[in-house]
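Enquirer: The structure that follows is given in the form of structure tokens.
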Amino acid sequence: MPLLRQSGGWPRGRGLLTEYRVGDAGRYATCEFAGIRTRDNIYVRHSRVVDPSTSQCIPADERERYNLKKDPFELHNLCFGGSSGNCPLSDTQLDLEIRLSQLRDCAGIAGRDHQVGGHPFCE
């Protein structure tokens, strides 16, 4: 709870998975995304977005990444134009990509929980 109340620090070396999925477009521009929030960055992959001409959800590959130390209000997307090919080519970007994929498939904490269905443990 200290993290949510902003009275504690971000857990060292840990990422927080965030996911969203909706069947119908509704009032938002994204229908499905997955992201990772770390102490210094947030990286989100939008895999379905609303087509403005049909108001239906369609497949997409839109990306957002923000350096939260330099841009805490998330105003400057480091993935210029929102496409995967325009994300920074850096060790940080590769790390966020790998960790996001791992978090989407993990379950439990090593040393605390039993392994679930062959899924790797989370960070």
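The values are calculated or read from the model by the stated rules, or taken from the named source; none is laboratory data. Computed from a predicted model, the values in this text were never measured in an experiment. Quick reminder, even Gly has a Cβ in these numbers, built from the backbone with ideal geometry, and neighbours come from all protein chains shown. Just so you know, the surface numbers come from the protein's heavy atoms only, side chains and all, with ligands and any DNA or RNA stripped out. Shrake-Rupley method; radii C 1.70, N 1.55, O 1.52, S 1.80 Å.
Enquirer: If you check every pair at least six apart or on different chains, which have Cβ atoms under 6 Å apart with a residue in region 39-61 that is among the basic types (K, R) first and a residue that is surrounded by fewer than 19 Cβ atoms within 10 Å (Cβ to Cβ) and not in a strand (DSSP E or B) second?
Expert: R39/W10
Enquirer: Can you pull out every residue in region 100-123 that is closer than 20 Å to I36 by Cβ and either polar (S, T, N, Q) or touching a Phe, Trp or Tyr at 6+ places or on another chain (Cβ under 9 Å) (or both)?
Expert: Those that are closer than 20 Å to I36 by Cβ and either polar (S, T, N, Q) or touching a Phe, Trp or Tyr at 6+ places or on another chain (Cβ under 9 Å) (or both): L100, S101, Q102, C106, A107, G108, I109, A110.
Enquirer: Please determine whether any residue of region 33-53 is farther than 14 Å from L16 by Cα and open to solvent by 70 Å² or more (accessible area, probe 1.4 Å).
Expert: yes
Enquirer: On the given criteria, is G118 small (G, A, S), closer than 27 Å to G9 by Cβ and part of a loop (DSSP other than H, G, I, E, B)?
Expert: The answer is no for G118.
Enquirer: Across region 13-70, which residue is farthest from L94 (Cα to Cα) among those that are in a loop (DSSP other than H, G, I, E, B) and of a type in the set (K, R)?
Expert: Selected residue: R27.
Enquirer: Looking at T54, T38, which is the one that is of a type in the set (S, T, N, Q) and modelled with pLDDT of 90 or more?
Expert: From the options T54, T38, the qualifying one is T38.
Enquirer: Give just the number: which of (1) at negative phi; (2) at pLDDT 85 or above does S83 not satisfy?
Expert: Of the numbered conditions (1) at negative phi; (2) at pLDDT 85 or above, the odd one out for S83 is (2).
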